[in-house]
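Remarks on the structure that follows.
The values are calculated or read from the model by the stated rules, or taken from the named source; none is laboratory data. Quick caveat: nothing in here was measured; it's all calculated off a predicted structure. We place every Cβ from the backbone using ideal geometry, glycine too, and count neighbours over all the protein chains shown.
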Amino acid sequence: MDFDLWAQLPSVLPEIGLTVLAVVVLFADIYGSVATRRNVVFVSAAGMALLALVPLIWQPDPALYEHGILLWGGMVNYDPLSQIFKVMLLLAGAVTCLMAAGDKGVGDKGEFYLIVIVATLGGLMMSSAADLILVFVALETLSIPLYMLASFRRGDQRSAESGMKYFLYGAFASAIMLFGFSLLYGFAGTTNLAGIADAMSNGLGDGVVAVMTALVMVVVGFGFKISAVPFHFWTPDVYEGAPTPVTAFVSVSSKAASFALLLRFLTAVFPADLAVAGVVIQDFWVNLLVVVSIVSMTLGNVVALRQSNIKRLLAYSSIAQAGYTLIGVVALQGANDSLAVASVSFYMFMYIFTNLLVFGAVILFIAKTDTEEISDMAGLNRRSPWLALFITIGLLSLGGIPPAAGFFGKFFLFQAAVNSNLVGLALIAVTNAIIALYYYLVVIKVMYVDVGPDDDVPIGIPRVYGCSLGITAFIVILLGTVAVTPIYDWAALGASGL
Amino acid sequence: MEATGFSILTAIIFIPIIAGVVILFLDRKNRDLVRGVGVTAASAVLALSLAVFFGYDNFVKTGGGLIERQTAMLESGIELSGAQMFADALAFEQRVVWVESLGIAYHVGVDGVSAPMVLLTGMVAVAGVLISWNIEDRLREFMAFFMFLVAGVFGVFIAVDLFMLFFFYELAIFPMYLLIAGWGWDKLREYAAMKLTLYILVGSVFALVGAVAMYFAAGAYFAGSGADVFEAAVASGILPADSRPHSWSIVQLTLAAENGAFGIDILGIEGLNFAKFWFPFMFMGFGVLAGVFPFHNWSPDGHVAAPTAVSMIHAGVLMKVGAFAALRSGVQLLPEGAETHLPWMVFLTLINVVYGALIAFRQRDFKYVIGFSSVSHMGLVSMGWATMNLTGMTGAGIQMFSHGAMTALFFGVVGMVYDRSHTRDIPSLGGFMKVMPWVGVAFVIGGLTSMGMPGLSGFIAEFPIFQGMWAASEQITLQLGAFQLSNYYSVLVVISALGIVITAAYVLRVAGQVFFGEFDAERFHDVGNIEMTDRIVLIILGSPLIILGLYPPIMAPMIESGIRPLIALLGGG
């Protein structure tokens, strides 16, 4: 095949752009004047926001991705699934930068933005990786910056502890996953994702236990990244200890990129028609993930009920959210997998903005009041009506109440589940959604009903910050009302590239 | 009906939403402006809902109107199609495709059952704004959330798309939570608000799963064996030309139900009939909000804890939202399930009627009396649905309107008394007729309505329900072993009529103790007569009770025309 640079370039253009941006930020931070350094945040945010347009402008050709389109020597997928995830990751990076801007000890250091950009680069590569080697490289490009970010506030013991914990768990999970990869390579003799499936279905004989071992090992790695039970132990501590803008970033980027990769990995390496020694591998991972999903959402929600720290509450809520999203992954077993893929992509799309909104508002609250206790949010509605409203919209979206985007997000997941004959799972999920709503409503109640000692002390919102929160809140509402169709249809295209 | 162009109903939904957003942006200290925007929006909505009501009245009654067409159809003896009749009955339609690939549309329209509900919501919206005129604490937020609540309620009534119905249903829940938790009676509000929200959500999300299952079952049917039915419906204009087999349109789902798409077995398990399995989820899921026993428990606490305006809209309109949605998504879409389950659910509604009245009789708290009376009266609505005949269901439709106005009036009265006397303890009140004659008269009118006095709307509503129930024993068979339980529906009527007697007892007791008797001039020295805004509230809510009571044709034929498609679906003539 001829190598046509111009045809292949758009598939990695955002990654190239991010690399350039990272270099620019690095040099501006080192050699720039004070004023330049102050503007690094805007350069990073605007750069990533502009790069988010690239996947929108250079859409892959539908005729090509129908047959699966691999570029750059079979390393990179160029299909709608990778495009939609690239857009959301870039936007998440941009919003994170804006939200970190005012944070002392975090946002005033130029290298923070550099690390966020590199982490985003890793996420982008993950969402389009088509080869075990690239998968692992991308995973580490995302993970290692996140470990650094978690311990970014070096002087703070909690931050250091959280970084260390994250690193130890993360390294462990990566090692197991890598072991799984090596097993897969051993079976197949190729590192290409689609090639592995072909090789396994032909010549494995009765190696079904080995294949399942490899599968479980890979799932462990993903389980860690998306903080699904039982690989969730790092989540509350890291969320609580890490600087809050970092928590916001960790909670969305690594999760979204991992779900993109998980969808691709499971459909490519363990497709529905793969049977080893007469055992259909898909049944195995579907059952495995059903259990993980149920346990994650139930445990996350039940434990969240008992939390008094807002960051820990959001940590357990994010474990539960991972459980919900897994429903969409499990629904891949159905006949119509575009519903499943679309539900996961849409959920992640809205989840990114929702979580950033909640965390963004909470960051401000913590910065102004120096407390993370939910009970100290009492009377927030009187102190800052807008802040209370933003948190409320975010929590409603997490809880799945219209007009916030979460309603459609959850609805698509349940729909995919029912379509794949998983009515039981859907019923368990809606029961969980109600448990979850309880603790979200408690937070809202505290803000609107309870009377706090500082009721008369208003909390001011800096203008730039207020605007970025307002825009995020507006996007959350849009995604729940008029913007559903374009995003959902785009997300539904994602299935055709798998 | 054609479904193009702008509908007045769209304005009815969006005016409160826009007003709510605008109010949030107003200066919080400028209370007059906040109230002004609120009352303007509510009045505009009331005016529009009056236009809808009388427009629909016209649509029904004119020469060649809906009633004549339905009568002609009945007489011609052709096989009736409920879906066709339902599509015919819709007016003020507007349809905009929302999520095309999933068949979700923004599709509004009213039929004979929902048109009176739209009017009711408009009335209570204005009354609610007026009665909240003097709220001290965060008036701006209160008014904005109230507007969102009103929009959500309207949305449910006018939805012709099942997804949209859920969307607005859930949309209404959150502002309601905040209004009760934030502005309610501080002894009970947190507990009651949370309880109410969770009860209602549990019901609705289970119904949502059922609705998703219906969507796929109907889609599979229209894409497969029912393709010819689908094409015929599109060709004859029942369904819009751009319909897909998978759709959330209530018309299309009704068509599926009628052609047996929901008669399948679930997961291939023999005897686990789809319609029979999902009907309890759909009917009871929404029935929770209508206060059906044994899921009524949230209701008295919720009503007592809520601020007056929210009690009014809650008992007056939201409980009807529940009953209405149970009818739309339960009885209309799963008629087979209704035929199986409603005959025994009748007994639950009987418990509602009698038990609710008995507990109301025992209360000392003025507001609890009204709260439990709502449970009792909403039982009559569910009982009316359960008769599954034209008389009973029409009665239930009228009862929805009648009870809505009546109970909103009651809660208004309680609020006015409580605001001035600062107590709701019935024995310590007395003689308020002297100082608040308007309120006293309003309570007596409401009370007479609630005990079914002829000449007031309660009689027009309750009598047909009992009549329909009596007749139902000939149409419905319910076996309990060898025992033919359905032969004893007449006994059931007699027992539930006892509920009316108990109602009379507690209404008279409350009227006697609160409004007549000795007035404690020393304790209630600062109690004066009510203001103009409050008088308007009483007039808006009280006059329909009398008008409807004296002149039933203003509403009864309309509701009857809305019930006929259901009767056709349930296999009756």
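Determine, yes or no, whether A:Val250 is within 30 Å of A:Gly497 (Cβ to Cβ) and over 13 Å from the mean Cα position of the chain (by Cα). Considered against the rule, which asks whether it is within 30 Å of A:Gly497 (Cβ to Cβ) and over 13 Å from the mean Cα position of the chain (by Cα), A:Val250 comes out as no. Note on segment B:205-235: residues that are in contact (Cβ under 8 Å) with a residue 12 or more places away in the chain and of a type outside the set (A, V, I, L, M) total 9.
Does B:Ala144 qualify as being farther than 30 Å from B:Phe274 by Cβ, surrounded by 23 or more Cβ atoms within 10 Å (Cβ to Cβ), at the interface with chain A (Cβ under 10 Å from one of its Cβ atoms) and under 25 Å from the mean Cα position of the chain (by Cα)? In short, yes. Figure legend. Inter-residue proximity from segment B:129-148: first residues within 16 Å of A:Thr392 (Cβ to Cβ), second residues β-branched (Val, Ile, Thr) and assigned to a loop (DSSP other than H, G, I, E, B), beta-carbon distance below 8 Å, spacing 6+ or different chains. Indicated pairs: B:Phe142/B:Ile135.
Here is a check on your reading of the model: is A:Pro453 out of contact with any strand residue (DSSP E or B) (no Cβ under 7 Å at 6 or more places or on another chain), assigned to a loop (DSSP other than H, G, I, E, B) and at the interface with chain B (Cβ under 10 Å from one of its Cβ atoms)?
The answer is no for A:Pro453.
Residues of segment A:409-430 that are in a helix (DSSP H, G or I) and facing chain B (nearest Cβ under 8 Å): A:Phe411, A:Phe414, A:Gln415, A:Val418, A:Asn419, A:Val423, A:Ala426, A:Leu427, A:Val430.
Could you identify the single residue in A:Gly186, A:Gly155 that is surrounded by fewer than 17 Cβ atoms within 10 Å (Cβ to Cβ) and outside any helix (DSSP H, G or I)?
Sole residue among the options that is surrounded by fewer than 17 Cβ atoms within 10 Å (Cβ to Cβ) and outside any helix (DSSP H, G or I): A:Gly155.
Go through segment A:281-394 and tell me which helices (runs of 4 or more DSSP H), entirely inside it, have 2 or more residues that are among the hydrophobic types (A, V, I, L, M, F, W, C) and more than 22 Å from the chain's Cα centre (by Cα). I'd like the intermediate steps shown before the answer.
Details: elements: A:281-304, A:310-330, A:337-369, A:380-383.
Hits in segment A:281-394: A:281-304, A:337-369.
The listed residues are B:Leu130, B:Leu149, B:Leu139, and the only one of them that is within 29 Å of B:Phe283 (Cβ to Cβ) and aliphatic (A, V, I, L, M) turns out to be B:Leu149. Looking for something over 25 Å from B:Gly542 (Cβ atoms), touching a Lys or Arg at 6+ places or on another chain (Cβ under 6 Å), of a type in the set (Gly, Ala, Ser) and surrounded by 24 or more Cβ atoms within 10 Å (Cβ to Cβ) - is there at least one such residue anywhere in segment B:316-336? For segment B:316-336, residues over 25 Å from B:Gly542 (Cβ atoms), touching a Lys or Arg at 6+ places or on another chain (Cβ under 6 Å), of a type in the set (Gly, Ala, Ser) and surrounded by 24 or more Cβ atoms within 10 Å (Cβ to Cβ): absent. Of all residues being assigned to a strand (DSSP E or B) and touching a residue at least 40 places away in the same chain (Cβ under 8 Å) in segment B:73-97, which is nearest to the other protein chains (Cβ to nearest Cβ)? Just the residue, please. Here the residue is B:Val97. When you check A:Gly17 against the structure, is it surrounded by fewer than 24 Cβ atoms within 10 Å (Cβ to Cβ) and on the phi > 0 side of the Ramachandran plot, yes or no? Answer is no for this residue. Scanning segment A:455-498 for residues that are of a type outside the set (Val, Ile, Thr), more than 25 Å from A:Met350 (Cβ to Cβ) and in contact with a helix residue (DSSP H, G or I) (Cβ under 7 Å, 6 or more places away or on another chain) turns up A:Asp455, A:Pro458. In segment A:162-210, of all residues being touching a residue at least 60 places away in the same chain (Cβ under 8 Å) and of a type in the set (Ser, Thr, Tyr), the one that is nearest to A:Gln282 (Cα to Cα) corresponds to A:Ser201.
Kindly evaluate B:Val153 against the criterion of being more than 8 Å from chain A (Cβ to nearest Cβ) and modelled with pLDDT of 90 or more. Taking the combined requirement at face value, the residue satisfies it. Here B:Lys187, B:Lys195 are screened, and the one residue that is more than 12 Å from every other protein chain (Cβ to nearest Cβ), surrounded by fewer than 21 Cβ atoms within 10 Å (Cβ to Cβ) and over 18 Å from the mean Cα position of the chain (by Cα) is B:Lys187. Quick check: anything in segment B:252-263 crowded, with 23+ Cβ neighbours inside 10 Å, under 16 Å from A:Leu427 (Cα atoms) and touching a residue at least 40 places away in the same chain (Cβ under 8 Å)? No, every residue in segment B:252-263 fails to be crowded, with 23+ Cβ neighbours inside 10 Å, under 16 Å from A:Leu427 (Cα atoms) and touching a residue at least 40 places away in the same chain (Cβ under 8 Å). Number of residues in segment B:443-489 that are surrounded by fewer than 17 Cβ atoms within 10 Å (Cβ to Cβ) and of a type in the set (Gly, Ala, Ser): the value is 3. Within segment A:57-104, the set of residues being at pLDDT 75 or above, under 20 Å from A:Asn192 (Cα atoms) and part of a loop (DSSP other than H, G, I, E, B) comprises A:Trp72, A:Gly73, A:Gly74, A:Met75, A:Tyr78, A:Asp79. A:Ile471 passes every criterion in (1) crowded, with 18+ Cβ neighbours inside 10 Å; (2) under 21 Å from the mean Cα position of the chain (by Cα); (3) among the β-branched types (Val, Ile, Thr) apart from (1).
Residue pairs whose Cβ atoms lie under 9 Å apart, sitting 6 or more positions apart in sequence or on different chains, and linking a residue in segment B:19-42 that is over 10 Å from B:Met147 (Cα atoms) and within 14 Å of chain A (Cβ to nearest Cβ) to a partner that is acidic (Asp, Glu) and surrounded by fewer than 17 Cβ atoms within 10 Å (Cβ to Cβ), are B:Val34/B:Asp27.
Would a scan of segment A:265-272 turn up a residue that is outside any strand (DSSP E or B), under 18 Å from the mean Cα position of the chain (by Cα) and under 23 Å from A:Leu398 (Cα atoms)? No, every residue in segment A:265-272 fails to be outside any strand (DSSP E or B), under 18 Å from the mean Cα position of the chain (by Cα) and under 23 Å from A:Leu398 (Cα atoms).
Residues in segment A:396-408 that are under 20 Å from A:Ile428 (Cβ atoms) and either under 16 Å from the mean Cα position of the chain (by Cα) or outside any helix (DSSP H, G or I) (or both): A:Leu398, A:Gly400, A:Ile401, A:Gly406. For B:Val160, the requirement of being among the aliphatic types (A, V, I, L, M) and without any contact (Cβ under 8 Å) to a residue 60 or more places away in the chain is not met. Checked against the criterion of being β-branched (Val, Ile, Thr) and part of a helix (DSSP H, G or I), the candidates B:Ile465, B:Ile530 yield just one match: B:Ile465.
For segment A:393-405, the condition holds for at least one residue, the condition being that it is crowded, with 22+ Cβ neighbours inside 10 Å, touching a Leu at 6+ places or on another chain (Cβ under 7 Å) and within 7 Å of another protein chain (Cβ to nearest Cβ). Within segment B:292-315, the set of residues being outside any helix (DSSP H, G or I) and more than 22 Å from B:Leu538 (Cα to Cα) comprises B:Val292, B:Phe293, B:Pro294, B:Phe295, B:His296, B:Asn297. Just to check your reading of the model, which residue among A:Phe353, A:Phe346, A:Phe390 is within 14 Å of chain B (Cβ to nearest Cβ), crowded, with 20+ Cβ neighbours inside 10 Å and within 24 Å of B:Ser101 (Cα to Cα)? From the options A:Phe353, A:Phe346, A:Phe390, the qualifying one is A:Phe346.
Filtering segment A:474-498 to residues that are without any contact (Cβ under 8 Å) to a residue 12 or more places away in the chain and either crowded, with 20+ Cβ neighbours inside 10 Å or hydroxyl-bearing (Ser, Thr, Tyr) (or both) leaves only A:Thr485.
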